[in-house]
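Here's the structure, in structure tokens; my notes come after.
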Amino acid sequence: MSAMNDARLHSAAAERNREPILRELQRLLPSEGGTLLEVASGSGQHAAWMSAALPHWRWLPSDADARVLPSIAAWCANQPNVLAPLHLDVAAETWAGVPPALDALYCANLLHIAPWQDGLALLRGAGRHLRPGAPLLLYGPFVQDGVPTAASNLAFDADLRARNPAWGLRRLADVSDAAREAGLRFQEQLALPANNLLLVFMRAADPAG
């Protein structure tokens, strides 16, 4: 991310992928709205862009890095349906400040730039905080069994692992298995530009699903 003249940070990737992700969120999220938690909001560009296009949704941005919270707040300063950004570490035992019955949870580009244990914690937190029938929406690159991985994703995975051995693209099957254990049912996967996927899970009525 690069800095702008004010508190806002800028992510070129967030600028590129915001429209295709938004189109799917407009289709997937109920029109009556609700409260959506965004995990790993980063610069805040997605929160500002998507909340403006989804005015019936109360958008709660969050990030584990407290240094980016001013950027999120600056990007969303004129958005009345965006709540104050929350300092949230998904690995924490409890998610302080997160409502107990969320209507949706959205997270872009976290699972591959975090240890797998953080990914598991994200799924468990979604299982705790989503109301039954509410969606978990995960965006990013994944490895699919039986499907050739794009050369760009293989190079990205190698770069991530060179930077931190705990990082790297996750197997879709592993994510789905862990989600099921957290009480989340796999619904669908959507192919988005640049070899990314949007995964849709639903909170089951009970942990057994």
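Readers should treat all values here as calculations from the given coordinates under stated rules, not as data from a laboratory. Please read all numbers here as calculations on a predicted model, not as lab measurements. Cβ placement follows ideal geometry from the backbone for every residue including glycine, while neighbour counts extend to all protein chains displayed.
Restricting segment 1-67 to GluC sites (Glu not before Pro) that sit in a DSSP loop and have at most 11 other Cβ atoms within 10 Å of their own Cβ leaves E32.
With each label modelled as a point 7 angstrom along the Cα→C-beta vector, the N195-E19 pair spans 2.3 nm. Computed about its Cα centre, the charge dipole of the chain is approximately 140 debye, with only Lys, Arg, Asp and Glu carrying charge at their Cβ. Taking Cα centre as origin and charging only the Cβ of basic (Lys, Arg, +1) and acidic (Asp, Glu, -1) residues, the dipole magnitude of segment 1-111 rounds to 260 debye. Among I113, I72, I21, the ranking by other beta carbons within 10 Å of each residue's beta carbon, starting with the fewest, stands as I113, I21, I72. Which one of A64, A13, A84 has the biggest mean-square fluctuation once the chain is modelled by GNM with Cα springs under 10 Å? Its mean-square fluctuation being the largest, the pick is A13.
Tell me the mean residue ellipticity at 222 nm calculated for the chain from its helices only (DSSP H runs of n ≥ 4, each -39500 (n - 2.57), averaged over every residue, nearest 500). Could the numbers behind the result be given before it?
Working: 6 runs with 70 residues, N = 209.
Here the helix-only value at 222 nm equals -10500 deg cm²/dmol.
For the chain, the convex hull spanned by the alpha carbon atoms encloses 116 Å³ per residue. In terms of surrounding Cβ atoms within a 10 Å radius of their Cβ, S152, S62, S176 rank from fewest to most as S152, S176, S62.
In percent, rounded to a whole number, the relative contact order of segment 2-203 is 18, using alpha-carbon pairs under 8 Å and six or more apart. Modelled spin labels at E188 and A66, positioned 7 Å past Cα toward Cβ, are 4.2 nm from each other. Applying 0.36 nm per residue to the separation of A77 and D6 and subtracting their alpha-carbon distance, the gain on full extension is 24.3 nm.
Between the listed residues F201, L160, G125, the Cα displaced farthest toward the positive end of the dipole of the chain, a dipole computed from Cβ unit charges relative to the Cα centre, is found at F201. Site pair A92 and E181 shows an inter-label distance of 2.4 nm when each label is modelled 7 Å from Cα along Cα→Cβ.
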